[in-house]
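Asker: Following this message is one structure expressed as C-alpha cells.
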Amino acid sequence: MPKRRYLTTPIYYVNAVPHCGHALTTVVADVEKRYWQLRGEDVWLLTGTDENGLKILEAAQTAGEAPQAFVDRISQTFVRAFDGLDVGYDDFIRTTEERHAKASQHLFQLLRDAGHIYLDKYEGWYDVSAETFVKESEVVDGKSPDGNEVRRVSEENWFFRLSAFQDRLLAHYEANPDFLMPEGRASEVVSFVKQGLRDVCISRSNPGWGIPVPGDPERVIYVWFDALVNYLAATGWPDDAGWESLWPADVHWMAKEIFTRFHATLWPAMLMGAGLPLPKTVIAHGWFVFGDSKMSKSLGNVVAPQDLVDAYVAAGCTREVAVDVARYALARFLPYENDTNFSMEAVARTYNADLANDLGNALNRSLSMAHKFCDGVVPEGQVEDEIVASVMAAKRSFEAAMAAHRVHKAVEAPIEIARVLNKYIDTRAPWTLAKAGSPELGSVVRTMIFAVRCAAALIRPVCPAAATAMEAQLRLPALSRWEEIGDVATVPAGHALGEAVPVFPRVEIEAQPAQAASEKPRPAKQASAPKAGPVEQLEFADFAKVALRVARIIEAESIQGSEKLVRLEVTVGEEQRQIVAGIAKAYNPEDLIGRQVVIVANLKPARLMGTESQGMLLAADDEDGTPILLQPDREAPDGTSVH
Ligand code: MSP
C-alpha cells in the first residue's frame, strides 16, 4: 500500500472537558489535512484521548464514578467537540482500547528484550497533575517546578535507558533539520539533551487502573510511555500488515509543554531502541493564554469551542458558517512561536476585520455589482493580469506557509485576495465605468468574480462550509484541485450568478471576562432601555427633506490631535465623499472599513478640526454617551435612500 501522509494531535487527558486550547491543535492539524487533500494527497488524521494514569483515576474518584464509565463519558465530550468543529479525523484512539494496550505492551517487551529496560528502585517525587517524576533538586516548598503538589514515591520500578540515546538523538537532530520545529524550540531541546539525559522510570505500582507491565501484573506502564505509543498503535502496529502505509508519522502536532521531555526525546529514543523509523516532524506551538495565565480548566479561564460557535450563531451566521468562524479564529490565532491571548473579544475583532469586512464584502460587492451592471451574468472581458498575479502570489504564500506549518499565515492568504479585490473595486469604480458606458466594465466585473472565486477556493481548508456557501452564491462548482485555483477559465463569460446573501454578518464587540466552559456566551452587547423624553412633532414633509442614504466606508483614519474624530471616505452609490465623525472612542478606524452605515446626505458641509465633513453618520448613544453606529439589517444597495 502506498505511504499516506499521517498527521497526529496529542491525545487529550480526560480529566476535564475540552476547551479552545485542545481545539486549537486539532483544528490546525485538520487544516493541514484538508490542504494536502486539496493537493491530491491521501491524508490520515489521528486524534484521541489519554485515559490511563493516576490523574484520571483520581478525577473519576472525585466525580464519584467508576473509572471506565468516567473515561467513556469525558472521551465522548472530545468526540463531540471535534465533530462540532467539523474536524475530519480519520481515527480517534482511546488508550483504554485493546489495540492500544497490546501495542504498548509489545513495545515494552521489545525494548526490554533488547536490553533498554531494567528493574531498579525509584525513590523520589511524583507530580500527579503533570504525571511526571520530579528531581529532588527541583522540589521547592513541596511543589514541582510547575507549581503542582508532589508525592513521595518509593517503589521498585522499570526504567528505560534514555541516557544511552543521548548521542544518537543529537546526531538525528543535526542530520534532520525538519525533525524538530520551530527552530527556537529545537535549540531548547538540543541544550536540554546536551546537559545529559537521565534514565526514565516507566512503571508505577498498579493502582487497579492502567496497562499492566508484561509479565509483571504488580505494576502498570507509566502513563507517558503508553500515551506516546498511541501514534503507532493507531496504525495497526504490530499485527496489521498495513501499518507501514501510515508509519512513520509525517507530523506530530502539540503544544510546548509536552515537547522537550516527551515527544522530542523520550519518544524518538523509544523508537530507536525498537528499531522503528522516527516521525518526520515533531512540532510544538505555544499556548493560548488569558491575561498572564495559560488557558486551562484548572485555572477556570477557558473558552469552550461550542460557546464560540454558539456566539456566532447568535450573531446571525448559519451554524455551519459559525463553525468555520471558530475554525478560522483558532487557526489564525495559532501561537506559533509566542503565546497568544485568546478571548471572545479578540476573535470578534478578527472576525469583523477579516471575514465580515474583507472577505464578506468582497463577495457582496462583486455579486451585487455583477447583478446591477451585468444582469447577473459573468460578462465578456479579460481577467486583469494584475489581479491574476495577486491571486497567484497569495496561493504561493499559502503553499510556503503550509510547508513551514505556519498555518496562521496560510489562512491569511484568501483574506489578502479579498483585500486586494476591495481596493481594486474602489480604484476601478465599476459604477463610474457603467455610467460612462465604458467597454472596460466587462473586464472589471469578470475580474471581480474571478478573485472572489479564488478567495473562496483558498479558504476551503480552514472554512469548508463558508467556501461552499460562497461558491453556491456564485453558482460555481467547488474547485477540487489545487491547480485549478487561479485558472481564469473557471469563471466563464456568460455564466449566470446567484444572488448575494451576506455570509459573515458583522458582530458587535464587547470586552468580556474569561468564562468557565459551561457558562453561556454573551456575544452581543445588550442595549440599555432608551430614555423616553418629550419630542416635538413635525410634518412628514419636513422629515422628507432629510436625505438619508446607505453608504459604505471605504477608508477610515484617526484625525491627528483629536481623541474623538475619525476621517472617513464613503461611497454613496456612485458618489464618494469625506465625512468626519465623532466615533473614535468607540471604533477602531480599521474595523470600520467595508462597513455599511446610514448618513444624512444633504447637510451643508461643515469643517471639523480643519477637515471638511460632507455629511453625518447616524448613531445612537449608549448609557455612557458612547456612539453605536446604525447599520442596515442586511447588506443594502449602496446609495439607497432610507425612509
Ligand atoms: N495526554 C497528554 C498528551 C499525550 S500525547 C501522547 C496531555 N494532554 S492534555 O489534555 O493536557 O493536552 C495537552 C495538549 O492540548 C497541548 O499539548 C496542546 O496541544 C493542547 N492545549 C491544551 N491547552 C492549551 C492551551 N492553553 N494553549 C495551547 N494548546 C493547548 O498533555
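Asker: If each DSSP helix of 4+ residues adds -39,500 (n - 2.57) and the sum is divided by the residues in the chain, what number results at 222 nm, nearest 500 deg cm²/dmol? Walk me through the intermediate numbers first.
Answerer: Working: 20 runs with 232 residues, N = 643.
Only helices count here, giving -11000 deg cm²/dmol.
Asker: Here's another thing I want to ask about it. Would you mind counting up the charge near residue 172? Only other residues with Cβ under 12 Å from its Cβ, with Lys and Arg at +1 and Asp and Glu at -1. Don't jump to the answer; show the numbers that get you there.
Answerer: Working: positive: 168, 280; negative: 167, 174, 178.
Local net charge: -1.
Asker: Per residue, what accessible area does the chain have, given a 1.4 Å probe and all protein chains present, in Å²? Please report the intermediate quantities before stating the final value.
Answerer: Numbers: 27310 Å² over 643 residues.
Dividing the accessible area of the chain by its residue count gives 42 Å².
Asker: Any chance you could list the semi-axes, whole Å, largest first, of the equivalent ellipsoid that the Cα gyration tensor gives for the chain, using √(5λ)? Display every interim value, and only then the final one.
Answerer: Working: eigenvalues 601, 163, 79 Å².
Largest first, the chain gives 55, 29, 20 Å.
Asker: Sticking with this one: Note down the net charge around residue 247, summing +1 for each Lys or Arg and -1 for each Asp or Glu among other residues with Cβ under 15 Å from its Cβ. Before the final figure, lay out each step's value.
Answerer: Numbers: positive: 3, 4, 5, 99, 280; negative: 42, 90, 91, 239, 240, 244, 250.
Residues near residue 247 contribute -2 overall.
Asker: For residue 137, tell me the accessible area in Å² from a 1.4 Å probe, rounded to the nearest 10.
Answerer: Per-residue accessible area (residue 137): approximately 100 Å².
Asker: Moving on to the next point. Given contacts defined as C-alpha pairs under 8 Å and at least six residues apart, what's the relative contact order of the range 540-642, whole-number percent? Don't skip to the end; give the middle numbers.
Answerer: Working: 222 pairs, mean separation 32.3, N = 103.
Relative contact order, the range 540-642: 31 percent.
Asker: Once you keep just the Cα pairs under 8 angstrom separated by 6 or more residues, what percentage relative contact order results for the range 295-385?
Answerer: Averaging sequence separation for qualifying contacts and normalising by length gives 16 percent for the range 295-385.
Asker: Here's another thing I want to ask about it. For a quick size check, give me the Cα extents of the range 343-490 along its three principal axes, largest first, whole Å.
Answerer: Dimensions of the range 343-490 along the principal axes of its Cα atoms: 47, 35, 25 Å.
Asker: Hey, another quick one. Counting Lys and Arg as +1 and Asp and Glu as -1, each charge on the Cβ, what is the dipole of the range 35-181 about the Cα centre in debye, to the nearest 20? Could you put the intermediate results ahead of the total?
Answerer: Details: 15 positive and 28 negative charges, 44 e Å.
Dipole size: approximately 200 debye.
Asker: Set the bar at 23 Å for Cα to Cα. Now go through 3/280; 395/423; 194/294; 372/423; 55/143 and name every pair that lies beyond it. Display every interim value, and only then the final one.
Answerer: Numbers: 3/280 13 Å; 395/423 19 Å; 194/294 29 Å; 372/423 19 Å; 55/143 16 Å.
Listed pairs above 23 Å: 194/294.
Asker: Would you mind giving the three semi-axes, in whole Å and largest first, of the ellipsoid equivalent to the range 5-285 according to its Cα gyration tensor?
Answerer: Working: eigenvalues 145, 110, 74 Å².
Ellipsoid half-lengths, sorted descending, are 27, 23, 19 Å.
Asker: Accessible area of residue 480, 1.4 Å probe, to the nearest 10 Å²?
Answerer: 80 Å²
Asker: Counting only the heavy atoms of the protein chains, how much of residue 205 is accessible to a 1.4 Å probe, in Å² to the nearest 10?
Answerer: 60 Å²
Asker: With no solvent and one equal point scatterer per Cα, compute the Debye intensity ratio I(q)/I(0) for the range 12-132 at 0.12, 0.18, 0.19 Å⁻¹ and report its log10, rounded to two decimals.
Answerer: Once normalised to I(0) and log-transformed, intensities are -0.61, -1.06, -1.11.
Asker: List the aspartates and glutamates whose Cα lies under 16 Å from the Cα of residue 604, skipping any in the same chain that are fewer than 8 positions away.
Answerer: 612
Asker: For the range 183-285, which trypsin sites (Lys or Arg not before Pro) are in a loop by DSSP, counting at most 16 other Cβ atoms within 10 Å? Spell out each step's value before the answer.
Answerer: Working: sites: 185, 194, 198, 204, 219, 256, 261, 280; in loops: 198, 280.
Of the trypsin sites (Lys or Arg not before Pro), the ones in loops of the range 183-285 whose Cβ has at most 16 other Cβ atoms within 10 Å are 198, 280.
Asker: Another question, then. Compute the signed sum of charges (Lys and Arg +1, Asp and Glu -1) over the other residues within less than 11 Å, Cβ to Cβ, of residue 330. List each step's numbers first, then the result.
Answerer: Details: positive: 327, 332; negative: 30, 324.
For residues surrounding residue 330, the net value is 0.
Asker: Also, I was wondering about something else. In the chain, what % of DSSP beta bridges are antiparallel (nearest 5)? Before the final figure, lay out the partial values.
Answerer: On the way: 53 of 75 bridges.
For the chain, the DSSP antiparallel bridge percentage is about 70.
Asker: Here's a follow-up. With N denoting the number of residues in the range 408-482, provide Rg(C-alpha) divided by 2.2 N^0.38 Å, to two decimal places.
Answerer: In units of the globular-protein estimate, the range 408-482 measures up at 1.22.
Asker: So, one more: I'd like the orientation of helix 98-113 relative to the chain: the angle between its Cα long axis and the longest Cα principal axis, in ° from 0 to 90, rounded to 10.
Answerer: Taking Cα atoms only, the helix is inclined about 50 degrees.
Asker: Follow-up. Based on Cβ point charges of +1 for Lys and Arg and -1 for Asp and Glu, what charge dipole magnitude is obtained for the chain about its Cα centre, in debye rounded to the nearest 20? Kindly include the intermediate steps, with their values, before the conclusion.
Answerer: On the way: 65 positive and 88 negative charges, 125 e Å.
With Lys and Arg at +1 and Asp and Glu at -1, about 600 debye.
Asker: Among 438, 616, 28, pick out the residue whose Cα is farthest towards the positive end of the charge dipole of the chain, where Lys and Arg carry +1 and Asp and Glu carry -1 on C-beta, about the Cα centre.
Answerer: 438
Asker: While we're on this one: Can you pull the Kirkwood radius for the range 540-642, inverse mean 1/r over Cα pairs, to one decimal in Å? Don't jump to the answer; show the numbers that get you there.
Answerer: Numbers: mean 1/r = 0.0721 Å⁻¹.
Across the range 540-642, the inverse of the average 1/r is 13.9 Å.
Asker: Taking H as built 1.01 Å from N, whose amide H comes closer than 5 Å to the amide H of residue 339, not counting residues under 5 places away?
Answerer: Here the answer is 287, since their amide H atoms fall under 5 Å of that of residue 339.
Asker: Moving on to the next point. If amide H atoms are built 1.01 Å from N in the plane of the peptide, which residues on other chains or at least 5 residues away come under 5 Å of the amide H of residue 96?
Answerer: Those lying under 5 Å, H to H, from residue 96 are 51.
Asker: Relative to the longest principal axis of the chain, what angle (0 to 90°, nearest 10) does the C-alpha long axis of helix 361-374 take?
Answerer: So the helix axis and the longest Cα principal axis differ by about 40 degrees.
Asker: Once amide H atoms are placed 1.01 Å from N in the peptide plane, what residues at a sequence separation of 5 or more from residue 583, or on another chain, have their amide H within under 5 Å of its amide H?
Answerer: 566
Asker: Along the charge dipole of the range 343-490, which of 452, 422, 463 sits closest to the positive end, that is, farthest toward it, with unit charges on the beta carbon of Lys, Arg, Asp and Glu (+1, +1, -1, -1)?
Answerer: Going by the charge dipole, the pick is 463.
Asker: With the full set of protein chains in place, find how many percent of the accessible area of the chain is carbon and sulfur; take the probe as 1.4 Å.
Answerer: Values: 13890 of 27310 Å².
Carbon and sulfur together cover 51 percent of it.
Asker: Just want to confirm a number: the relative contact order over the chain, from Cα pairs under 8 angstrom separated by 6+ residues, in percent. Before the final figure, lay out each step's value.
Answerer: On the way: 1178 pairs, mean separation 79.8, N = 643.
Rounded, it is 12 percent for the chain.
Asker: Please list, in order along the range 408-419, the HN-Hα scalar couplings obtained from phi with the Karplus expression 6.51 cos²θ - 1.76 cosθ + 1.60 (θ = phi - 60°), rounded to whole Hz, x for Gly and Pro.
Answerer: So the J values, rounded to whole Hz, are 4, 7, 4, 5, 7, 4, x, 5, 4, 4, 4, 5.
Asker: Label the range 27-82 by shape, choosing from rounded, prolate and oblate, from the square roots a ≥ b ≥ c of the eigenvalues of the Cα gyration tensor; if a/c is under 1.5 it is rounded, and otherwise prolate applies when a/b is larger than b/c, oblate when it is not. Before the final figure, lay out the partial values.
Answerer: Values: a/c = 4.29, a/b = 3.48, b/c = 1.23.
Here the range 27-82 falls in the prolate category.
Asker: Give a residue-ordered list of calculated ³J(HN,Hα) values for the range 608-615 (Karplus: 6.51 cos²θ - 1.76 cosθ + 1.60, θ = phi - 60°; whole Hz; x for Gly, Pro).
Answerer: 10, 6, x, 10, 6, 10, 9, x
Asker: Relative to the longest principal axis of the chain, what angle (0 to 90°, nearest 10) does the C-alpha long axis of helix 441-459 take?
Answerer: In the chain, helix 441-459 runs at an angle near 20 degrees to the longest axis.
Asker: About its Cα centre, what dipole magnitude does the range 216-375 give when the only charges are +1 on Lys and Arg Cβ and -1 on Asp and Glu Cβ, stated in debye to the nearest 20? Please report the intermediate quantities before stating the final value.
Answerer: Numbers: 12 positive and 19 negative charges, 92 e Å.
With only Lys, Arg, Asp and Glu charged at Cβ, the dipole is about 440 debye.
Asker: Keeping every protein chain in place, order 65, 257 by accessible area at 1.4 Å, biggest value first, i.e. largest first. Intermediate results must be reported in sequence, preceding the final value.
Answerer: Working: 65 55, 257 85 Å².
The ordering from most to least exposed comes out as 257, 65.
Asker: Dipole of the range 5-285 (Lys/Arg Cβ +1, Asp/Glu Cβ -1, origin at the Cα centre): which of 126, 45, 207 lies farthest to the positive side?
Answerer: Among 126, 45, 207, the one farthest towards the positive end of the dipole of the range 5-285 is 126.
Asker: Taking each pair of different alpha-carbon atoms in the range 464-510 once, compute 1/r for the pair, average those values, and report the inverse of that mean as the Kirkwood hydrodynamic radius in Å to one decimal.
Answerer: On the way: mean 1/r = 0.0796 Å⁻¹.
Its Kirkwood hydrodynamic radius stands at 12.6 Å.
The values are calculated or read from the model by the stated rules, or taken from the named source; none is laboratory data. Everything numeric here is computed off the predicted structure, so don't read it as measured data. In this analysis, Cβ positions are derived from the backbone assuming ideal geometry, glycine residues included, and neighbour counts consider all displayed protein chains. Protein only, heavy atoms only, side chains kept; ligands, DNA and RNA dropped before computing areas. Shrake-Rupley method; radii C 1.70, N 1.55, O 1.52, S 1.80 Å.
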